[in-house]
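Some notes on the structure that comes next.
The values are calculated or read from the model by the stated rules, or taken from the named source; none is laboratory data. All values derive from a computational prediction rather than experimental measurement. For neighbour counting, all protein chains shown are included, and Cβ atoms are generated from backbone atoms with ideal geometry for every residue, glycine included. With ligands, DNA and RNA removed, areas are computed over all heavy atoms of the protein, side chains included. Shrake-Rupley method; radii C 1.70, N 1.55, O 1.52, S 1.80 Å.
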Amino acid sequence: MENILKQKNKYYKFLIYLIVVVLVNMAGATLFFRWDLTSNKIFSLSVPSRKVVATLSEPLTVKVFFTGKLSAPYNNIERYLADLLQEYSIYGGKYFNYQFFNVSGEENEKAKVNQDLAHNYGIYPVQIQNIEKDEVKFQKAYMGLVLIHGNIIETIPTITSTEGLEFLITSKIQKMNNKISALLNLKEKVKVKLFLSSSLQVVGPYMNLTGLSETAGKIEEMTRKLNEKNFDRLEFVNYDPSREPSQSKEAEKNGILALQWDEFRDRTGKSISKDKGYIGIIVEHGDKTENIKLLDVFRLPLFGTQYQLAKMDEIEESINEAVENVISVNEEIGYLAGHGTRELGMMDMPFSNQGREESLKNFYGMVSEEYTLKQVNLKETGVPEGLPSLIIAGAKEKFSDYELYQIDQYLMKGKNLAVFVDSFNEIVPRQGFNGMGGFQNPVYLPVNTGLEKLLEHYGAGIKKSYVLDENCFKQSIPEAFGGGEQTVYFAPIIKNEFINKKLSFLKNIKGLVMFKSSPVELDEEKIKKYGLKAEKLFSSSEKSWDISDDINLNPMFIQPPKGENKYKQMVMACILEGYFPSYFADKPIPEKEAEEGGDDKKDKKNDKNKAKGIDMSSIQAGEATIKKGKPGKIFVIGTSEILLDNILDKKGMGPNAHFIMNIIDYLNNKEAYAVMRSKAQRFNPLKEIKPDSKVLIKGANIAGLPVLIIIAGLMVFLRRRSRQRVIQQIFGK
């Protein structure tokens, strides 16, 4: 009887243990947690990502096409992506789904079907390097994903790194959400206008343009397909200015490429009459238009001017992007045009004189991923009310008081300014040689636009000088010119310890490079008096100095000053926040300058009013000036050179690119996005130490191990001697 009870107890215990194990597994599947020990929390989903998927109101599906069993470092990408998507699904709930498709193997029928599916989404295999058994091999691998939300499809065709992957996916989901909302709220259709003169079909064969007659049909079919993905909000319109001369004016108004030719005879003697034609596409909605290039014009040595029709897949992508821009999928921010500011590199214009080093194409592409840049012309429209921030980059021409008044009042409305100030205008002589047979150095003329007095009034001035630093970029010199490296003192490298780490969006940025930058001078008394908050973003090193007279930036002629008292650390960028007092608080509203070549009728009407004795100045606009408005932000830096393509990388993954985007996000109250972007920042320079410390550490590395072995040997030897003496004492008696 007792044995039977013991046997039953065993079964009961086993059953209880089994139930406990099942319950623990069930709890682990639903109540699991992760502990991310990385400093940047790179394996944890950021707050903006959680919010984006948590607000989904329609299903979003992620299809991943990834070749399995890849070698390092690609083998970790799939694992990281799986973990990341799992976290998205936790916060996205039933509206977020993801699926991995097997695309491995050439003989696997299912994999072939999945590969065809990947091709339909624009995902194709990429060639990667694979090391097997000490041999370097090349392998083609699928490494992409597609996001499907309603009729909207976004593709990431190639993922070769985990760097910035979360930011990329979250940005695309946010963009899809915005696009669906924008499309569904459209009252009018987006017009895709094709301008293609039939006269071009006559000269097309002589320009090596084949298939010109079929272009209209292809663009129409392309628009029809895009329409299916854009909730039927697109309308195709075909213009032929050759048949309808009135359409020529609209083509010219929209900047459509025009080609004209004189009468000529071909090789067969056929006469081609003089004519003109237009070719290009305009995407239009309301007062917003985007110009899409349909014909590439370029010059080749010996062959002269060449013409080439743009590829259809590129045109489709351009139309899709243009639709997003004209319906404002992204938040709009302002960019000041005119006044000598740097021109945005929106597209490569044929025969443009703008050099690659002066282009802002990378900056424009980087910002356009998240914002729509709206060009603002103070002389025509002023600053639109709806823009939350305005970028002023490298203004060279003087602002009128009325234009400064518009900027001042824009700030008083609680808006934000990002001001990139160039203190000097670099004039490069046209002739390479002067009369003495040597090169002429550029001349640096001080720039006085009027913005300086506004900024000084708010508490942040820019000194008319350039910062030079011994801790700077060093350029390698080709062997043909003697080799070695050239110290570029006017390109200071900002050390990690001189970057303000109190600001979360700068926390993961551990180094920057400046170029032709002027120091920022904060007026502490004004800042305290106005109750503003001022943050110094970063400074030069202790071994820096500045030059303001007889500027010559030829690296061969720059020498550091003698004497430690000539060096000083300088602030190079800052942010002011708070309730700014208006510069025009106690001043009358400035007069608006009359436009050059203005409307004669208007002038005559004014003269007529004067003749009648109507004194318009007697009507006063009381309290029209906002003397102290809502809280705003001003970012000030003493250079616009850091926006150029030779400083910002195309992918926008460098520290400088992250810094610029983080500043724009911070000004637009998207600090959490800035922090998420910086999680991917892997630039982690080694901490510099003194030369004596280097020698000490180096010596310890070389002699440390042998010394430890010798010490250990001595200890063993002494211990044996001691033991030997004890044995002798015991047995020697």
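In this entry, T155 passes the filter for residues that are of a type outside the set (D, E, K, R), more than 30 Å from S246 (Cα to Cα), open to solvent by less than 60 Å² (accessible area, probe 1.4 Å) and assigned to a strand (DSSP E or B).
Scanning segment 69-114 for residues that are acidic (D, E) and closer than 30 Å to E58 by Cβ yields a total of 3.
Here segment 446-465 is the region considered, the condition is being assigned to a helix (DSSP H, G or I), touching a helix residue (DSSP H, G or I) at 6+ places or on another chain (Cβ under 9 Å) and not charged (D, E, K, R), and the residue that is most open to solvent (accessible area, probe 1.4 Å) is H457. Scanning segment 500-515 for residues that are surrounded by 21 or more Cβ atoms within 10 Å (Cβ to Cβ) and either more than 12 Å from N656 (Cβ to Cβ) or more than 19 Å from the chain's Cα centre (by Cα) (or both) returns F505, L506, N508.
Out of T55, T162, report the one residue that is of a type in the set (S, T, Y), in contact with a helix residue (DSSP H, G or I) (Cβ under 6 Å, 6 or more places away or on another chain) and either open to solvent by less than 40 Å² (accessible area, probe 1.4 Å) or touching a residue at least 24 places away in the same chain (Cβ under 8 Å) (or both).
On the way: T55 fails: in contact with a helix residue (DSSP H, G or I) (Cβ under 6 Å, 6 or more places away or on another chain).
The conditions single out T162.
The residue that is farthest from Q139 (Cα to Cα), counting only those in segment 67-110 that are open to solvent by less than 20 Å² (accessible area, probe 1.4 Å) and in contact (Cβ under 8 Å) with a residue 60 or more places away in the chain, is Y88. Annotation note: of F635, F659, the sole residue that is in contact (Cβ under 8 Å) with a residue 12 or more places away in the chain, part of a helix (DSSP H, G or I) and either buried (at least 20 other Cβ atoms within 10 Å of the Cβ) or over 19 Å from the mean Cα position of the chain (by Cα) (or both) is F659.
Condition check ((1) outside any loop (DSSP other than H, G, I, E, B); (2) among the hydrophobic types (A, V, I, L, M, F, W, C); (3) at pLDDT 95 or above; (4) surrounded by 20 or more Cβ atoms within 10 Å (Cβ to Cβ)) across all residues:
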site: K396; (1), (2), (3), (4): no, no, no, no
site: E403; (1), (2), (3), (4): yes, no, no, yes
site: Y410; (1), (2), (3), (4): yes, no, no, yes
site: V419; (1), (2), (3), (4): yes, yes, yes, yes
site: N425; (1), (2), (3), (4): yes, no, no, no
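The set of residues in segment 181-197 being surrounded by 14 or more Cβ atoms within 10 Å (Cβ to Cβ) and either in contact with a Pro (Cβ under 9 Å, 6 or more places away or on another chain) or at pLDDT below 90 (or both) consists of A182, L183, L186, F195, L196, S197.
Look at I589 and say whether it is surrounded by 14 or more Cβ atoms within 10 Å (Cβ to Cβ) and within 35 Å of the chain's Cα centre (by Cα).
Working: surrounded by 14 or more Cβ atoms within 10 Å (Cβ to Cβ): yes; within 35 Å of the chain's Cα centre (by Cα): no.
Against the criterion (surrounded by 14 or more Cβ atoms within 10 Å (Cβ to Cβ) and within 35 Å of the chain's Cα centre (by Cα)), I589 does not qualify.
Does any residue of segment 716-732 turn out to be open to solvent by 100 Å² or more (accessible area, probe 1.4 Å) and within 41 Å of the chain's Cα centre (by Cα)? Checked segment 716-732: no residue is open to solvent by 100 Å² or more (accessible area, probe 1.4 Å) and within 41 Å of the chain's Cα centre (by Cα). K651 passes every criterion in (1) in a loop (DSSP other than H, G, I, E, B); (2) touching a residue at least 12 places away in the same chain (Cβ under 8 Å); (3) of a type in the set (K, R) apart from (2). Residues in segment 371-388 that are open to solvent by 20 Å² or more (accessible area, probe 1.4 Å) and either over 25 Å from E321 (Cβ atoms) or part of a loop (DSSP other than H, G, I, E, B) (or both): N377, K379, E380, T381, V383, P384, E385, G386, P388.
Of all residues in segment 175-192, those that are at negative phi and among the polar types (S, T, N, Q) have Cβ atoms under 9 Å from Cβ atoms of residues that are surrounded by 15 or more Cβ atoms within 10 Å (Cβ to Cβ) and in a helix (DSSP H, G or I), 6 or more apart or on another chain, in N177/V52; N178/E324. Taken over segment 119-129, the criterion of being outside any strand (DSSP E or B), touching a strand residue (DSSP E or B) at 6+ places or on another chain (Cβ under 6 Å) and either of a type in the set (A, V, I, L, M, F, W, C) or open to solvent by 90 Å² or more (accessible area, probe 1.4 Å) (or both) is satisfied by I123 alone. Inspect all residues belonging to segment 109-118 and state whether any of them is at pLDDT 90 or above and not in a helix (DSSP H, G or I). No, segment 109-118 has no match at all.
What are the pairs with Cβ atoms under 7 angstrom where one residue, in segment 225-238, is farther than 16 Å from M176 by Cα and the other, located anywhere, is of a type in the set (K, R) and part of a loop (DSSP other than H, G, I, E, B)? Sequence gap at least six, or different chains. Within 7 Å, the pairs are L234/K189; E235/K189.
Report yes if E321 is charged (D, E, K, R) and modelled with pLDDT of 85 or more, otherwise no. The answer is no for E321.
Residue count for segment 214-245 under the criterion of being open to solvent by 80 Å² or more (accessible area, probe 1.4 Å) and either of a type in the set (D, E) or modelled with pLDDT under 90 (or both): the result is 9. Summed over segment 308-343, the residues that are more than 19 Å from the chain's Cα centre (by Cα) and either closer than 14 Å to L183 by Cβ or aromatic (F, W, Y) (or both) give a count of 4.
Would you call E250 open to solvent by 80 Å² or more (accessible area, probe 1.4 Å) and modelled with pLDDT of 85 or more? So that I can check it myself, show each step before the final result.
Values: open to solvent by 80 Å² or more (accessible area, probe 1.4 Å): no; modelled with pLDDT of 85 or more: yes.
Taking the combined requirement at face value, the residue does not satisfy it.
The residues in segment 287-300 that are without any contact (Cβ under 8 Å) to a residue 24 or more places away in the chain and either surrounded by 14 or more Cβ atoms within 10 Å (Cβ to Cβ) or farther than 21 Å from E252 by Cα (or both) can be counted, and the count is 1.
For segment 683-701, the criterion of being modelled with pLDDT of 85 or more, surrounded by fewer than 10 Cβ atoms within 10 Å (Cβ to Cβ) and more than 24 Å from G511 (Cα to Cα) is satisfied by at least one residue.
If I filter segment 558-579 for residues that are over 29 Å from the mean Cα position of the chain (by Cα), open to solvent by 30 Å² or more (accessible area, probe 1.4 Å), closer than 30 Å to K474 by Cβ and of a type in the set (D, E), do I get at least one hit? Yes.
For (1) assigned to a loop (DSSP other than H, G, I, E, B); (2) at negative phi; (3) modelled with pLDDT of 90 or more, each residue gets a yes or a no:
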site: K140; (1), (2), (3): no, yes, no
site: V146; (1), (2), (3): no, yes, yes
site: T160; (1), (2), (3): yes, yes, no
site: T170; (1), (2), (3): no, yes, yes
site: V203; (1), (2), (3): no, yes, no
site: Y206; (1), (2), (3): no, yes, no
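Of all residues in segment 301-326, those that are over 25 Å from Q201 (Cα atoms) and touching a residue at least 40 places away in the same chain (Cβ under 8 Å) have Cβ atoms under 7 Å from Cβ atoms of residues that are surrounded by fewer than 18 Cβ atoms within 10 Å (Cβ to Cβ) and of a type in the set (D, E, K, R), 6 or more apart or on another chain, in V326/K288. For beta carbons closer than 8 Å, sequence separation of 6+ or different chains, a first residue in segment 481-502 that is at pLDDT 90 or above and a second that is buried (at least 21 other Cβ atoms within 10 Å of the Cβ) and acidic (D, E), the qualifying pairs are Y489/D469; P492/D469; I493/D469.
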